[in-house]
Amino acid sequence: MQHSNINQDLRVELTARALAAKALKDLSWEQVAADTGLSLAYVTAAVLGQHALPKAASELVCQRLGLNAADALQLQTIPLRGSIPGGIPTDPTIYRFYEMIQIYGTTLKALVHEKFGDGIISAINFKLDIRKEEDPDGGERAVITLDGKFLPNKPY
């Protein structure tokens with residue numbers, strides 16, 4: 001049977017234990033997600049409390065992290081999503097994403113609507129990828145791909 005959280009308390013506690021275990025075992029997110037059959041971004045988001053994992057994946061992740069059966073069940077539970085309480089984020093990395101949306105949000109909206117019509121890009125039927133590339137001008141660039149299904153608005 002599928003279960004659902006009505007608040008974030010249990011997932012916040014589980015996330016803290018999982019992050020501590022990941023650090024103590026010196027594991028990368030790639031190592032945590034390996035062989036789950038799911039993407040790196042999805043498993044990372046699940047461990048951070050934003051997705052439910054299938055049973056086999058949750059058990060494998062918990063085995064890697066040394067977490068118990070109750071934790072594996074909690075990783076299978078549909079979470080109360082949303083990881084940034086309190087309005088404008090203060091963490092510099094998260095804030096930069098907020099800043100990007102502040103600057104490019106209306107541009108993205110205008111271009112999505114021009115190309116697709118009235119609707120939204122799903123965050124449920126969604127894929128995320130991040131990779132590092134060398135910058136020809138020196139240093140490195142973060143290449144982030146957001147790939148969501150377009151859901152048209154349907155008049156009723």
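The values are calculated or read from the model by the stated rules, or taken from the named source; none is laboratory data. Since the structure is predicted, the reported quantities are computational estimates derived from the model, not experimental observations. Here the Cβ positions follow ideal geometry from the backbone for every residue, glycine too, while neighbour counts run over all protein chains shown. Side chains included, ligands, DNA and RNA excluded: accessible areas come from the protein's heavy atoms. Shrake-Rupley method; radii C 1.70, N 1.55, O 1.52, S 1.80 Å.
Of the solvent-accessible surface of the stretch 45-103, computed with a 1.4 Å probe and all protein chains present, 63% belongs to carbon and sulfur. In loop segments of the stretch 1-97 as defined by DSSP, the trypsin sites (Lys or Arg not before Pro) with at most 12 further C-beta atoms inside 10 Å of their C-beta are LYS25. Think of a 1.4 Å ball rolled over the protein heavy atoms: the chain then has 72 Å² of accessible area per residue. About its Cα centre, the dipole of the chain is roughly 500 debye, where the only charges are +1 on Lys and Arg Cβ and -1 on Asp and Glu Cβ. Averaging 1/r across all pairs of distinct Cα atoms in the chain and inverting the result yields a Kirkwood radius of 17.8 Å. For GLY119, the residues 5 or more places off, or on other chains, whose built amide H falls under 5 Å of its own are ASN153.
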